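The structure under discussion appears below in the form of structure tokens.
The values are calculated or read from the model by the stated rules, or taken from the named source; none is laboratory data. Remember, it's a predicted structure, so these values are computed and weren't measured experimentally. All Cβ positions, glycine included, derive from the backbone under ideal geometry; neighbour counts span all protein chains shown. We work out accessible area using only protein heavy atoms, side chains counted, and drop any ligands, DNA or RNA first. Shrake-Rupley method; radii C 1.70, N 1.55, O 1.52, S 1.80 Å.
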Amino acid sequence: MMMLEEKATDFIDDLSSAKPVPGGGGACAAVGALSAALGMMVANLTVGKKRYADVEDEVKENLARLDELKQRLIVLTDKDAECFEPLSKAYGLPKETPEEIAVKEEVLEKALYEASIVPLELMETIIRVMECLEVLGEKGSRLAVSDVGVGVLFAQAALEGASLNVFINTKLMKNRGQAEELNRRADALIQEGAILRERSYEGVCAKIR
């Protein structure tokens with residue numbers, strides 16, 4: 001069973017415990033899925049309404065896209081946990097002899113890379129959610145536009161939260177060229193998300209205040 005197939009209270013209880021997973025990365029993926037779900041709710045409240053007939057096709061496209069992204073984020077909640085296990089094991093490898101040290105460094109480097117790639121994938125997925133939310137903030141039901149704003153704020157939190165899991169792992173990588181490339185990708189996504197957040201949130205506020 002996937003983590004987000006459990007009761008919400010079970011997931012929260014697991015997150016509250018001393019268990020190694022779920023952790024911050026899984027929480028970010030779950031919040032990202034909630035962001036996508038909020039966008040889907042707005043789209044579903046828009047489709048079929050005469051007032052929005054001229055944008056219905058575009059809203060339906062974003063609804064379908066958000067459904068795909070939501071499912072991906074649910075999978076990433078578990079994928080984040082899966083990449084943590086080999087990293088945890090790598091830290092526990094012996095390092096008494098030169099051979100053991102060399103093996104540990106090689107295994108740890110690979111595990112750190114994998115543990116950086118997953119949150120980057122999470123960030124990229126959340127950016128796509130934010131793009132859909134921007135459209136729905138402009139063209140979705142006015143009665144639910146505040147929910148777009150909530151979704152955008154959730155998405156930004158999940159995006160920047162996921163970046164922390166990139167940076168904590170790349171900091172320990174020996175291959176600094178690879179580490180800096182991963183950091184650059186994360187920084188670019190943070191900047192892209194900040195622009196999307198500002199546009200969408202300001203647009204929502206202009207409609208409701």
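Worth pointing out:
- Being under 25 Å from Leu63 (Cα atoms), open to solvent by 70 Å² or more (accessible area, probe 1.4 Å) and either in a helix (DSSP H, G or I) or not small (Gly, Ala, Ser) (or both) holds for only one residue in Arg199, Arg185, and it is Arg199.
- Qualifying residue in the range 59-72 (condition: closer than 21 Å to Ala157 by Cα and acidic (Asp, Glu)): yes
- Flag for Gln178 being open to solvent by less than 60 Å² (accessible area, probe 1.4 Å), over 19 Å from Lys79 (Cβ atoms), modelled with pLDDT of 95 or more and not aromatic (Phe, Trp, Tyr): no
- Condition check for Ala158: open to solvent by less than 70 Å² (accessible area, probe 1.4 Å), in a helix (DSSP H, G or I) and over 17 Å from Gly39 (Cα atoms): no
- Conditions (1) open to solvent by 60 Å² or more (accessible area, probe 1.4 Å); (2) under 15 Å from the mean Cα position of the chain (by Cα); (3) touching a residue at least 40 places away in the same chain (Cβ under 8 Å); number of the one not met by Leu143: (2)
- Filtered by the rule that a residue be of a type in the set (S, T, N, Q) and more than 28 Å from the chain's Cα centre (by Cα), the range 83-101 gives a lone residue, Thr97.
- Among (1) modelled with pLDDT of 95 or more; (2) over 25 Å from Ser163 (Cβ atoms); (3) open to solvent by 80 Å² or more (accessible area, probe 1.4 Å), the one test that Glu58 misses: (3)
- Out of Ala90, Ala111, one residue alone is modelled with pLDDT under 85, of a type in the set (A, V, I, L, M) and surrounded by 16 or more Cβ atoms within 10 Å (Cβ to Cβ). It is Ala90.
- Every residue from the range 73-87 that is surrounded by fewer than 21 Cβ atoms within 10 Å (Cβ to Cβ) and closer than 22 Å to Val42 by Cβ: Ile74
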